[in-house]
1. Every cysteine in the chain with no other Cys Cβ under 4.7 Å from its Cβ, please list them in numeric order.
2. Let's test the formula: R0 of 41 Å, r as the Cβ-Cβ distance of S95 and Q25. What FRET efficiency results, to the nearest 0.05?
3. Per residue of the chain, what 222 nm ellipticity follows from adding -39500 (n - 2.57) for every DSSP H run with n ≥ 4, rounded to the nearest 500?
4. Fewest first, what order do L89, L14, L207 take by the number of other Cβ atoms within 10 Å?
5. Using the count of nearby Cβ atoms within 10 Å as a rough guide to exposure, how do T155, T97, T209 rank from fewest to most?
6. Excluding L105 itself, what net charge comes from residues whose Cβ is under 15 Å from its Cβ, given Lys and Arg +1 and Asp and Glu -1?
7. Mind listing which GluC sites (Glu not before Pro) in segment 151-220 are in a DSSP loop and have 14 or fewer other Cβ atoms within 10 Å?
8. Starting from the 7 Å offset along Cα-to-Cβ, what nm value, one decimal, do you get for the label separation of F63 and E138?
Amino acid sequence: MRQNYAYFRFYGSLNDFLPSSKKQQKFTHLVRGNPSIKDTIEALGVPHPEVELILANAHSVDFSYYLQDGDRFSVYPHFTSLPLGSLQLLRPHWSLTRFVLDVHLGKLAAYLRLLGFDAWYRNDCDDEELAIISDSEERILLTRDRGLLKRKIVTYGYWVRAINPIQQSREVLQRYALWEKIQPFQRCLRCNGKLVSVDYDEVSARLPTKTRRYYREFYLCQRCQQVYWQGAHYSDLQKLLDKITSY
Ligand SMILES: [Zn+2]
């Protein structure tokens, strides 16, 4: 039986998913049957949400393209400067940058909330639920699990490379160009709800005595009713913010 071959070259951060024999170089891939480019890319180890552009024989194609003998593919990750004007877009445009995080990324979720970003997180959510939330609420799925990103209904997602939550936060800020959009202390760290400024009288009954005596500025989570003020942990959070945002 005649064997078909395709030729691949993956660019930039997509090489993180490849074995060293395939990193940063052209390689030959034996094509079995009649696979789509999406299935082939994922079989090679790269989750589809990480891919931003596919060129087949120098023409852009979408995920439904079927491999043909002799095809030459260049596969690109997200590049902020990529001119996508006339190229085949791989997914619909989402206007808002908001996230859903897997159960292992609790700290990253809290840090993203601290930075002011909408970060959905629960520590008891299974993979299927996460994928469904990502799809139905148009949230970018952040995960350390490559398999989760390969789920069909995941449109936007990102495999978080770093292990350390501060580095993870920087990675997400960088990947989604969020440095200019940081608005600290706007969201509840516990539940992701938005904070609103409230008068002392509205919350005084719920405050510890010392807090009642020393503080006059308070914020209330609109979702879980947690009260925030600039107490002892505020300076710790400031330090954490400085760590995340300073190189
Ligand atoms: Zn809350």
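1. Here C125 come out as lacking a disulfide-compatible partner, given the Cβ-Cβ threshold of under 4.7 Å.
2. Numbers: r = 37 Å, r/R0 = 0.91.
It comes to 0.65.
3. Details: 8 runs with 65 residues, N = 247.
Calculated mean residue ellipticity at 222 nm is -7000 deg cm²/dmol.
4. Values: L89 11, L14 22, L207 16.
In order of increasing Cβ crowding within 10 Å: L89, L207, L14.
5. Values: T155 18, T97 15, T209 7.
In order of increasing Cβ crowding within 10 Å: T209, T97, T155.
6. Working: positive: R98, K107, R113, R122, R139, R144, R146, R161, R170, R175; negative: D102, D118, D124, D126, D127, E129, D145, E171.
So the environment of L105 carries a net charge of +2.
7. Working: sites: E171, E180, E202, E217; in loops: E217.
Answer by residue number: E217.
8. Between F63 and E138, the simple spin-label model gives 1.7 nm.
All of the numbers you see were taken from the coordinates with simple rules; none came from a lab. None of these values were measured; they are calculated from a predicted model. Methodologically, a virtual Cβ is constructed for each residue, glycine included, from the backbone with ideal geometry; neighbour enumeration extends over all protein chains shown.
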